[in-house]
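Below is one structure, written out as structure tokens; the observations come after it.
Readers should treat all values here as calculations from the given coordinates under stated rules, not as data from a laboratory. Being a predicted model, the structure only gives us computed values, none of them experimental. Backbone-built Cβ (ideal geometry, glycine too); neighbour counts: all protein chains shown.
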Amino acid sequence: MFRRYEKRVNEIQAVQYNGTNIMEIVDFVGDVIGIDWYENASLEIITDDGRIECFKGNYIVKDHKGKIKVHEINEFETTYREVENYD
């Protein structure tokens, strides 16, 4: 007899880049060495771990280990759901 399993997903933190919330993203990412910002367009943040490039509408995700990734809207919305009750 077979059983069904769900993939366990660790909780993450995320912020969506809206083209103007650059300081919110800098605070979120932390350890910023440099930044290139084109208002209402793309954003590139340089950290000790490398370059993070995102475009308006993308989500910047920080996992439980502190690793930063960028996801396009569709990818983010199909992978994650918002936690309603958290401390």
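Structural remarks
- 3J(HN,Hα) along segment 10-25: 6, 5, 10, 10, 8, 9, 9, 7, 10, x, 10, 8, 4, 5, 4, 5 Hz, from the Karplus curve 6.51 cos²θ - 1.76 cosθ + 1.60 with θ = phi - 60°, whole Hz, x for Gly and Pro.
- Phi angles of segment 73-78 translate, via the Karplus equation with coefficients 6.51, -1.76, 1.60 and θ = phi - 60°, into HN-Hα couplings of 3, 4, 4, 5, 5, 8 Hz per residue; Gly and Pro are given as x.
- Length gained when the stretch residue 23-residue 51 is fully extended (0.36 nm per residue, less Cα-Cα span): 8.4 nm
- Excluding exposed DSSP-loop chymotrypsin sites (Phe, Trp or Tyr not before Pro) (at most 11 other C-beta within 10 Å), longest clean stretch of the chain: 39-85
- Sorting 23, 1 from the fewest to the most surrounding beta carbons within 10 angstrom yields 1, 23.
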